Structure formats: C-alpha cells, structure tokens
Amino acid sequence: MRIIITGGGTGGHIYPALAIAKGLQNKIREAEILYVGTKKGLEAEIVPKAGLPFQTISVEGLSRPFSYRTLASVFKACKGCWEGWHILRAFRPHVVIGTGGYVCGPLVFAAATLGIPTLLHEQNAVPGLTNRILARLVDGICVTFEDSLKYFPAKEKVHLTGLPVRQEIMGMERLTGIKALGLSANKTTIVVTGGSRGARSLNLAMSRAYGKLLQRDQVQFYHITGPGGYEEMLSFLAQENISLDGRENLRIVPYLYEMEYALAAADIIVGRAGASFLSEIMLRGLPSVLVPYPYAAANHQEYNARSLEKKGAAKMVLDQELEQGKLFTALEEIINNVSLRAEMAEAAKGMGKINALDEITQLIVGISKPEQR
Ligand SMILES: CC(=O)N[C@H]1[C@@H](OP(=O)(O)OP(=O)(O)OC[C@H]2O[C@@H](n3ccc(=O)[nH]c3=O)[C@H](O)[C@@H]2O)O[C@H](CO)[C@@H](O)[C@@H]1O
C-alpha cells in the first residue's frame, strides 16, 4: 500500500505525521511511504533524519492584508498544486494524509480532485484555516480536542481520536533519559522548552529566574532554547552573571532531536502550549507550567493550556504576566509541594489518549481504496 503523508512548517505538524508514518509501517508490512513537505519548513531537516523518503513542493502562507504579495503566494499555491499533481501521478498513492501547515493545501486538494482518498489530522482546539477549507473535500478528519468538533459541519466524517505521539516517547524509562542527557538521577529535573521554534519571552523570563532557582541543590534544568534563540539565551544569562562553565545543574541546548530523552528525564515541564507537545506531556503524566504563545492563530494555545489547567494538570501563566515574576512563583510551588506535583502528574496522565495512533491507522486503512491495494 502506497501512502503520502504531508504536513509541515513547525514540529507540531511534523511529529504527528511521523508518528502516523511509523504506526502504518508497523501495521502494514508492505506500506510504502512518501513524505511531502517544503524546502523551507522544519520538515526538510527532521523527516530525512527519521529515515523517510522526502520530496518538496513550493508553497507559502497567504500574505494578508491583500497586496501584490498575496498574488505572489496565490501563484505559488497554484504552482504547488501542479507539483503536487506530478508527485501524485508518479507515486500513485492509495491514500493521502495531511497533518496541517500550508504544504497540506495544494497536495490534499490535488489528491481529492484526482479521487484519491484523503484524511486530515487537526491538532488544535481551534482548527487552522487550511484544514477548515480542506475539510469540505476530504474523506475523513481526525481531531484532538472535543472543542474543535463544532468547526467541522460534516459530522459523519469527523473522528475524535486524539493526537498520535511518537512511540519512542511513550515507553522510555526515566533513567535512560537521564543518562543520555548526562544529568543526575538524584535531582528533580525541570525541562524548559518553547516548542519547535523556541520562545524568546520564555527564555528571557527563565534567565531572570535562574539566579534564584539555581541556588537550590536538589533541582537541575535542561533548557531547550529553540534553534534561533541559543546565542541570545547565552547573552541573557551573561547579563544575569550566570556562567555555564563547570555548572552541572543548568544545561542549555538549541534543539533536541531525541525529545524522548528529555521527556523521560523530566519531573516538571515549563513550556509553551502547542498541541503536540501537550499530548506528549499528558501521555507521560508530567506536571507543567504552561505559557501559551499569545499570537497563535485564534489564540489556540491559550485554549489548549486551559484544557489542562481546568483538570489540574498544569498551571498557566500568560505571556504578559512573565514580567511580574509569575512563572517563578508557579514553578516554585510545584518544586516545593511534592503532593501537588503528584496530583498534577496523575491529572495529566488521565487526559492522555493512548489509543490515538491505533484509531487513526485503522481509519486510514478503512478509507484507502482496497481494490487498488
Ligand atoms: C507558534 C505556533 O503557532 N505553534 C504551533 C505549532 O507549535 P510547535 O511546532 O512548537 O508544536 P508543539 O509545541 O505542539 O510541539 C513541538 C514538537 O516538537 C518537538 N520538539 C520540540 C523541541 C525540541 O527541541 N525537540 C523536539 O523534538 C516536541 O517534542 C513536539 O513534538 O504547532 C502546534 C500543533 O499544530 C500548535 O499547537 C502550536 O500552537
């Protein structure tokens, strides 16, 4: 069975796609998978590393308000459809799966017009524009949050599956992660991450909090700055007179490809509220302080974070509250109060949807055209 998977731009669209790819490879022995993305998206780095064949089409977001750049992006989308059509003709997939991001638009559109079965996965509580438009054409839509059901009127093709998480994240032992990252097994480990692109305001707020936090003997931090924020983080720390030389309780890295190590090692998370990441910390049962990205489309990260906060799985601090030191206060409370931490961990675990991948792969097999397999 030949399958095209497309989705990209940021890790939040790519990692669910990779989880689905792995799930299909495990379920269907003769599965032949091609990943289609863009040259500029993070997928161009991540997907080849994951060992999947990768091809690209040209596409970018529609620039708004309307200007000559909007016309240029419409032209690019048409070119993307044309390139997508060529890939579809050459690969002849039995099914095309889109996990969001601009790249999905032309490819899923071209597949649907050629009569190839198509399925979308929506990660966020408030769906993105591309998926809302494509929803009319596709054969199935899988959603992560119950809240997003209302945005898709064709109820018969919408399925509340949850978000598929990479297998390696689910099963790893804490000690394996601790050893791989060179951390101490006896300390409370706090992993800080601003999502696949990093978060400047979170880096800045943490650099200001580290002065006090690092005085504690029993905690250690593994801080992922995001690829573009690493150098700046070093200068933030220098401004606070925090040196990394010989320091074992604070590790700063730009990006971690093997996120499973950090999630296994972590006792507490400080992060943004991207849907993929939240699904990962729920499945691992990790208490967290979440700082939603305030400019995400339709403010969806705040809705994502609130859903965990409501259940007692996370504490939420708004980006505009960072200046007031609220992040430090929330984190201190979780570090100090071990029973609160355990309750939060339990609540997070209760929210994880462990069968998401299974349900999605079953749906994919169901909609693919059996006579063509
Ligand atoms: C700014 C913005 O609009 N972000 C969106 C984007 O977030 P983003 O791409 O940041 O996605 P998430 O925060 O949901 O997930 C990040 C993913 O990258 C992985 N990771 C991260 C850092 C690292 O060093 N290594 C690594 O592997 C995480 O394990 C996770 O799988 O897509 C998500 C899913 O559609 C949305 O919910 C987010 O709102």
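Some points to look at:
- Lone qualifier among Ile269, Ile252 - being within 16 Å of the ligand (Cβ to nearest atom), more than 19 Å from the chain's Cα centre (by Cα) and part of a strand (DSSP E or B): Ile252
- Tabulated pairs, region 213-242, first closer than 12 Å to Asn203 by Cβ, second among the polar types (S, T, N, Q) and outside any helix (DSSP H, G or I), C-beta under 6 angstrom, 6+ apart or interchain: Ile224/Thr193; Met233/Thr225
- Filtering region 209-244 to residues that are hydroxyl-bearing (Ser, Thr, Tyr) and touching a Gly at 6+ places or on another chain (Cβ under 6 Å) leaves only Thr225.
- Pairs with Cβ under 6 Å, 6+ apart, first in region 38-55 and closer than 11 Å to Ile5 by Cβ, second of a type in the set (Gly, Ala, Ser) and within 11 Å of the ligand (Cβ to nearest atom): Glu43/Gly8
- The one condition from (1) modelled with pLDDT of 95 or more; (2) of a type in the set (Phe, Trp, Tyr); (3) in contact with a Phe, Trp or Tyr (Cβ under 9 Å, 6 or more places away or on another chain) that Tyr293 does not meet is (3).
- Among the residues making up region 280-315, those that are within 12 Å of the ligand (Cβ to nearest atom), farther than 24 Å from Leu183 by Cβ and not in a helix (DSSP H, G or I) are Pro292, Tyr293, Pro294, Tyr295, Ala296.
- Considering only residues in region 97-122 that are within 16 Å of the ligand (Cβ to nearest atom) and without any contact (Cβ under 8 Å) to a residue 40 or more places away in the chain, the one that is farthest from Thr10 (Cα to Cα) turns out to be Leu120.
- Taken together, Lys326, Lys315 contain a single residue that is without any contact (Cβ under 8 Å) to a residue 24 or more places away in the chain and crowded, with 17+ Cβ neighbours inside 10 Å, which is Lys326.
- Residues that are surrounded by 15 or more Cβ atoms within 10 Å (Cβ to Cβ) and under 16 Å from Val191 (Cβ atoms) were ranked within region 169-180; the one that is nearest to the ligand (Cβ to nearest atom) is Ile169.
- Number of the exception - Ala305 against (1) out of contact with any strand residue (DSSP E or B) (no Cβ under 7 Å at 6 or more places or on another chain); (2) over 25 Å from Glu173 (Cα atoms): (1)
- Exactly one residue out of Ala273, Ala347, Ala342, Ala330 is within 25 Å of Thr189 (Cβ to Cβ), at pLDDT 95 or above and in contact with a Pro (Cβ under 7 Å, 6 or more places away or on another chain): that is Ala273.
- Of Phe236, Phe221, Phe277, all but one fail to be within 12 Å of the ligand (Cβ to nearest atom) and of a type outside the set (Gly, Ala, Ser); the exception is Phe277.
- Residue match in region 331-343 (condition: within 16 Å of the ligand (Cβ to nearest atom), outside any loop (DSSP other than H, G, I, E, B) and surrounded by fewer than 20 Cβ atoms within 10 Å (Cβ to Cβ)): no
- Subset of region 9-40 (residues that are of a type in the set (Gly, Ala, Ser) and either assigned to a strand (DSSP E or B) or more than 24 Å from Leu278 (Cβ to Cβ) (or both)): Ala31, Gly37
- The numbered conditions (1) of a type in the set (A, V, I, L, M); (2) closer than 22 Å to Ala135 by Cα; (3) out of contact with any helix residue (DSSP H, G or I) (no Cβ under 8 Å at 6 or more places or on another chain); (4) modelled with pLDDT under 95 are all true for Ala77 except (3).
- Test: Ala44 is within 16 Å of the ligand (Cβ to nearest atom) and more than 23 Å from Ala90 (Cα to Cα): no
- Any hit, region 163-179, residues being under 20 Å from Ile367 (Cβ atoms) and either in contact (Cβ under 8 Å) with a residue 12 or more places away in the chain or in the same structural domain as Thr6 (by TED's automatic domain parsing) (or both): yes
The values are calculated or read from the model by the stated rules, or taken from the named source; none is laboratory data. These numbers come from a predicted model, not from an experiment. Cβ atoms come from the backbone with ideal geometry, glycine included; neighbour counts cover every protein chain shown.
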